[in-house]
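Since the structure comes first, as structure tokens, the remarks are kept for the end.
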Amino acid sequence: MKFFQQKTPITGTIFASSDKSCSHRALILASQMVGVTKISNLLESEDVLATKNSLEKLGVKIEKKEAIYYVYGSGRSSLVSPEEVLDLGNSGTGVRLLMGLIATQPVQAVFTGDKSLSNRPMGRVLEPLNNFNFEAVARDNNFLPVHITGNSDAVAINYELKVASAQVKTAMLLAALNAHGESKVIEKEFTRDHTELMMQYLGLNLQVKESSSLKEITLNVEEDLPAKDINVNGDPSSAAFLVAAALLIEGSEILVKNIMINKYRIGFYEVLKMMGANITFENIREDSGEKIADIRAKYSKLKAVLVPAHFAASMIDEYPILAILAAKAEGTTRMVGLAELRVKESDRLIAIYNNLIKCGVEAEHGDDWLEVSFCNEVVATQTIETFHDHRIAMSFLILGLTAPDGVAVDDIKMINTSFPEFFSRLKELGVKID
């Protein structure tokens, strides 16, 4: 697939895809309520559908009627041991969250995934979950496949997170759902809080105490709760690609509707404003426990900035597209605190750097930092190697919209794992795609 220089503005009002993080959580939490949960606007990406399929193998009835998903929950401790392996494909979120869910249930299950997921470390979630005294056997003690035997007699825990990871935090909270007593999870580096907000929205007894340097999350669920309908709003990470295209193409102006503006997910947009981007949040409101808005973005001449490490937790998925924007920002942009990029779907730090060089963009990197300098004319002499990473593919296709001879990527199939509407949404805005 190759994107060529876009010579006309992109304009229009559009919906991005539904949020991937909240789609996983909606399915999983709905399975633990009593009764039928109606989920509207569930993201039908490969990752989310892998979580849905795994829940069905664990005994959860899920139906789709028209555009609504119906999850028939039977309460906590209601899952059954699957007859088949739970294959989560490329979904790191799905596999880690489901490990947490069954860690305290009377379930035995084997988790696996595709080649990319099988090379991602699972120790970071299995080690803290060991506090619930369940059994786990992993390949090389750290990688998929993983065989788990849940402990339905688990007692509450008090645990301080060792890594800043919303996936690990959520896995611990899902395990605590079925543990006896009040569990406490402590964060010193704050991460996205979709799980806490959704649990509170559903009526679970979850409390958050927050200071400038510490967050204590307590969860004590003594009885099952009735189902409550959930609406999944727009994904700020997917919207980032549409916004980036508008910022790069002269004369463009777009409005992206119904996007979550959770304070732990908008680091990318805050950095863009630092760079001089013409971006505004309009019609701010709340839905299903989350703050949402419509995002207006207009073509802007960007300037380079220093992106401090504290932004990493709130924009870890947006660094690839930020690097693309940095290549068209006057000066040299420096991003620090990027160690987490090295254990994503690919080593994203190296993938970003190598592919920028292929496009004639000056860049430098270290173990946890990246510098990107302004490039007047992008010239891609080689096909971009995506490393089977959806965000690398989408980011460099967006860069192609600024390149006279275009930018080609070696694979686009994995874009369906997170943003299946990527091409159709760009077409709606006027991007010419062959």
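Scanning the range 333-351 for residues that are out of contact with any Leu (no Cβ under 6 Å at 6 or more places or on another chain) and either more than 30 Å from F143 (Cα to Cα) or in a helix (DSSP H, G or I) (or both) turns up T333, A339, E340, V343, I350, A351.
Within the range 295-332, take every residue that is part of a strand (DSSP E or B) and surrounded by fewer than 19 Cβ atoms within 10 Å (Cβ to Cβ) and give me the one that is farthest from the chain's Cα centre (by Cα). Step by step, filter the range 295-332, then rank; the result is E330.
Reported count of residues in the range 178-190, each being surrounded by fewer than 21 Cβ atoms within 10 Å (Cβ to Cβ) and either out of contact with any helix residue (DSSP H, G or I) (no Cβ under 7 Å at 6 or more places or on another chain) or outside the structural domain of V155 (by TED's automatic domain parsing) (or both), is 6.
List the number of the failed condition for R265; all other conditions in (1) in contact with a strand residue (DSSP E or B) (Cβ under 7 Å, 6 or more places away or on another chain); (2) among the basic types (K, R); (3) crowded, with 22+ Cβ neighbours inside 10 Å hold. It is condition (1) that R265 fails. Do you know which residues across the range 195-218 are in contact (Cβ under 8 Å) with a residue 24 or more places away in the chain, assigned to a loop (DSSP other than H, G, I, E, B) and surrounded by fewer than 18 Cβ atoms within 10 Å (Cβ to Cβ)? Across the range 195-218, the qualifying residues are G203, S213, L214.
Being surrounded by fewer than 19 Cβ atoms within 10 Å (Cβ to Cβ) and either over 22 Å from V221 (Cβ atoms) or in contact with a helix residue (DSSP H, G or I) (Cβ under 9 Å, 6 or more places away or on another chain) (or both), is that true of even one residue in the range 17-35?
no
Taken over the range 108-162, the criterion of being of a type in the set (A, V, I, L, M) and more than 22 Å from the chain's Cα centre (by Cα) is satisfied by A109, V110, A136, V137, A138, V146, I148, A154, V155, A156, I157.
For the range 98-108, the criterion of being surrounded by fewer than 24 Cβ atoms within 10 Å (Cβ to Cβ), touching a strand residue (DSSP E or B) at 6+ places or on another chain (Cβ under 7 Å) and over 25 Å from L225 (Cβ atoms) is met by at least one residue.
Note on the range 364-391: among residues that are in contact with a Ser or Thr (Cβ under 6 Å, 6 or more places away or on another chain) and not in a loop (DSSP other than H, G, I, E, B), the one that is farthest from D347 (Cα to Cα) is S373.
The values are calculated or read from the model by the stated rules, or taken from the named source; none is laboratory data. Keep in mind the model is a prediction, meaning the values are calculated, not measured. Note that each Cβ is placed from the backbone with ideal geometry, even for glycine, and that neighbours are counted across all protein chains shown.
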